[in-house]
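Notes for the one structure printed next.
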Amino acid sequence: IKLAAVVPAAGTGSRMQSEQPKQFIEIQSQPILSHTLAAIQRAPQVQRVFVAVNPTAINLYPRWPEAVETVSGGESRAESVLMGLKEAARQGFSHALVHDAARPCLPLSVLLDVIEQGTLQDQGAIVALPVRDTLKRAQADSLTISSTVSRERLWQAQTPQVFAIKPLIAAINKMGVAHPGLTDEASAMEFAGYQPRLVMGSYKNIKVTFPEDIELVSYYLNEEIN
Ligand code: C5P
């Protein structure tokens, strides 16, 4: 097994209402992306990291850490991931750990668990959490309840997601990078007939999406995460 990490970081972060993409916002004087890369690189199994970035944003991050390379991002998250996977495959990596640039508070124990589970078999593994709130489906006006959705056996997918690279590239190509249902790597693998494993994640592993997430992330980054 030769494991690389692929980090999609080419999004615009339109929901953040900030001038720069969210992964470049600084917390404790470091861009969120730096914290994310440091979190991933705590796993000794990760030999190299391929970060998919928008070429116009590359200057926002002048100094890349050791063992980190950039590739050009794509139109969609899936396309950005695919670019990184192809470069990793070209360099002889057999497995990839895909992790969102916007999840800097990844606990070490979760990282190590998903690497172990994801490299066992071709089906791979993803970090996820059982849904904890009651779920409502809204009516077409989107402000009136239509029904309550049972949360039994429902999980929220997070990243990292770990797969063998060849079947993952084939699965993404089969589904198509522009497919609206391709929102994580597991959905492509499911589309191709695999049943990836669920690995228990952490509520600390939040994806910075809205401005109020920044405070929580800086709180968690201040603690010793693991
Ligand atoms: O927008 P969302 O929060 O789903 O983005 C998840 C991750 O995918 C982010 O790290 C973002 O930078 C990345 N992304 C990308 N290329 C795109 C769109 C999103 O790498 N075209």
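The values are calculated or read from the model by the stated rules, or taken from the named source; none is laboratory data. If you're wondering where the values come from, they're calculated on a predicted model, not measured in any experiment. Heads up, the Cβs are rebuilt from the backbone with ideal geometry, glycines too, and the neighbour counts pull from every protein chain shown.
Here is a yes/no grid of residues against (1) within 14 Å of the ligand (Cβ to nearest atom); (2) farther than 30 Å from GLU212 by Cα:
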residue	(1), (2)
ALA38	no, no
ILE58	yes, no
THR70	yes, no
HIS99	yes, no
ARG103	yes, no
LEU111	no, no
VAL114	no, no
GLY118	no, yes
GLN121	no, yes
Residue pairs within 7 Å by beta carbon, gap of at least six or interchain, first lying in region 71-89 and within 17 Å of MET175 (Cα to Cα) and β-branched (Val, Ile, Thr), second more than 6 Å from the ligand (Cβ to nearest atom) and modelled with pLDDT of 95 or more, listed first then second, are VAL81/VAL6; VAL81/VAL98; VAL81/GLU185
Residue hits (region 40-56; within 16 Å of the ligand (Cβ to nearest atom) and either in contact with a helix residue (DSSP H, G or I) (Cβ under 8 Å, 6 or more places away or on another chain) or without any contact (Cβ under 8 Å) to a residue 24 or more places away in the chain (or both)) are ILE40, VAL49, PHE50, VAL51, ALA52, PRO55, THR56
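So that you can scan it fast, the table gives a plain yes or no per residue for (1) buried (at least 19 other Cβ atoms within 10 Å of the Cβ); (2) touching a Cys at 6+ places or on another chain (Cβ under 7 Å):
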site: GLN117; (1), (2): yes, no
site: GLN123; (1), (2): no, no
site: THR148; (1), (2): no, no
site: LEU154; (1), (2): no, no
site: PRO160; (1), (2): yes, no
site: PRO167; (1), (2): no, no
site: ILE206; (1), (2): no, yes
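Residues ALA101, ALA88: which one is in a loop (DSSP other than H, G, I, E, B) and more than 21 Å from HIS179 (Cβ to Cβ)?
Exactly one residue qualifies, and that residue is ALA101.
Any idea which of ALA178, ALA192, ALA125, ALA164 is touching a residue at least 24 places away in the same chain (Cβ under 8 Å), touching a His at 6+ places or on another chain (Cβ under 9 Å) and of a type in the set (Gly, Ala, Ser)? So that I can check it myself, show each step before the final result.
Numbers: ALA178 fails: touching a His at 6+ places or on another chain (Cβ under 9 Å); ALA192 fails: touching a His at 6+ places or on another chain (Cβ under 9 Å); ALA125 fails: touching a His at 6+ places or on another chain (Cβ under 9 Å).
When all the criteria are applied, what remains is ALA164.
Across region 84-97, which residue is nearest to the ligand (Cβ to nearest atom) among those that are crowded, with 20+ Cβ neighbours inside 10 Å and of a type in the set (A, V, I, L, M, F, W, C)?
The extreme case among them is LEU85.
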Cβ pairs under 8 Å, 6+ apart or interchain, first in region 196-216 and of a type in the set (Asp, Glu), second away from the ligand (no atom under 16 Å from the Cβ), ordered by first then second residue, are none
Do we find that LEU129 is closer than 26 Å to LEU216 by Cβ and aliphatic (A, V, I, L, M) in this structure?
-> yes
Identify, from the list ALA192, ALA188, ALA171, the residue that is within 16 Å of the ligand (Cβ to nearest atom) and under 30 Å from GLY74 (Cβ atoms).
-> ALA188
Quick check, is SER147 part of a strand (DSSP E or B) and hydroxyl-bearing (Ser, Thr, Tyr)?
-> yes
Is region 141-153 home to any residue that is closer than 29 Å to LYS22 by Cα and either touching a helix residue (DSSP H, G or I) at 6+ places or on another chain (Cβ under 9 Å) or in contact (Cβ under 8 Å) with a residue 24 or more places away in the chain (or both)?
-> no
